[in-house]
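Before any comments, here is the structure.
The values are calculated or read from the model by the stated rules, or taken from the named source; none is laboratory data. This is a predicted model, so every value here is computed, not measured. In this analysis, Cβ positions are derived from the backbone assuming ideal geometry, glycine residues included, and neighbour counts consider all displayed protein chains. The area values use the complete protein model at the heavy-atom level, side chains included, leaving out ligands, DNA and RNA. Shrake-Rupley method; radii C 1.70, N 1.55, O 1.52, S 1.80 Å.
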Amino acid sequence: LAGLDGRNTLDTYEAHIDNYVKDTTLGNTPLTSLTVFLLHEFFTDFVPKNKTTSGKRIKQLVYTILKMALTQAVYDGYIESNPLDRIRRPQYKSGKKGVLTDEQVTNILKLVREDNPQIANMFSLDV
């Protein structure tokens, strides 16, 4: 199973830092020089590459990754306090979750059965 070793999560975190932080004023600021103002400005001006709801989710993920890193920096003694403790986490609400209709489930199972009968056999539904 992919991701059980946490490698996929770490890769995602690194990609978000590379894509959204690394080449910014924030990314070029020494750890001991980070301020609440600088971080607030970063998140206020943050523009994800796509401006959809998923972009809002990326903003929230970047905040969470930075907060964890800065918390670790406090724990390790690199900084005295975490400036993100004074900035609210960006809000993101996932879209309304839908329920598949019987017809949609039937179509999905037919496709799975055609593509991979072994997986389809895991379901005891007759389609």
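Listed values, structure above:
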| quantity | calculated |
| --- | --- |
| Separation of the Thr32 and Asp18 label points, Cα + 7 Å toward Cβ, nm | 3.0 nm |
| Simple spin-label estimate for Thr44 and Thr106 in nanometres, 7 Å along Cα-Cβ | 5.6 nm |
| Accessible area, probe 1.4 Å, largest first, for residues Lys59, Lys22, Lys93 | Lys93, Lys22, Lys59 |
| Extension reserve of the Asn116-Val99 stretch, reckoned as 0.36 nm per residue once the Cα distance is removed | 3.7 nm |
| Relative contact order (%) - the range 52-107, alpha-carbon pairs under 8 angstrom, separation at least six | 42 percent |
